[in-house]
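Peer 1: Below is a structure I'd like to ask you about.
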Amino acid sequence: MSEVLKPSVQAFLVCDTIIIDSLTGKKSIIGAFTHLWAKTFPCQHPQMGVYFCLTDALGSYEFEIQLIYLDKDQLVGKGTLSPIEIQDRLQTHDFGLNITSLVFPGPGRYEFRLYAGGQFITQKDFQVIQKDFPHRQKEA
């Protein structure tokens, strides 16, 4: 078996939900955001989606997404994808994963981390802000 390559990340987005078309496999990214608002803590968010697109991958991969509360270095959620075999490192592959029932313990910085077979690939951070709900902002 050949050595598994660390993929190159083309995109890594956080949103409300990922919808995957059952016929085409195309992913719809619904409600992309960079921060959340909440009045009180802890607050529950029913679902968050993570989309990532990779290239320069070859071999068997088991992808895991972890959500970390950076202010406390605390794992607050995770999700996994079924193992996949990638045969051509020149091809681009995209993935969508919805993680349900996330509880945010407090305001501050959070980060989604992507792992492949336990190897860190990339991360995407965002803020959770305590504030009365302003107009046109994402609410947790």
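Peer 1: When the convex hull of the C-alpha atoms of the chain is computed, what volume per residue in Å³ does it have?
Peer 2: Taking only Cα atoms, the chain has a hull volume of 106 Å³ per residue.
Peer 1: So, one more: Quick one: Cα centre-to-centre distance for the range 40-68 and the range 104-121, in angstrom?
Peer 2: 8 Å
Peer 1: Just want to confirm a number: the relative contact order over the chain, from Cα pairs under 8 angstrom separated by 6+ residues, in percent.
Peer 2: That works out to 31 percent.
Peer 1: Could you line up Phe12, Phe112, Phe41 from fewest to most neighbouring Cβ atoms inside 10 Å?
Peer 2: Phe41, Phe12, Phe112
Peer 1: Below 28 Å Cα-Cα, how many Lys pairs turn up in the range 8-130? Only count pairs eight or more apart in sequence, or on different chains, if you could.
Peer 2: Eligible lysine pairs with Cα atoms under 28 Å apart amount to 9.
No value in this document is a laboratory result; all are computed from the given coordinates. What you are looking at is a predicted structure, and each value in this text was computed from that prediction instead of being measured. Heads up, the Cβs are rebuilt from the backbone with ideal geometry, glycines too, and the neighbour counts pull from every protein chain shown.
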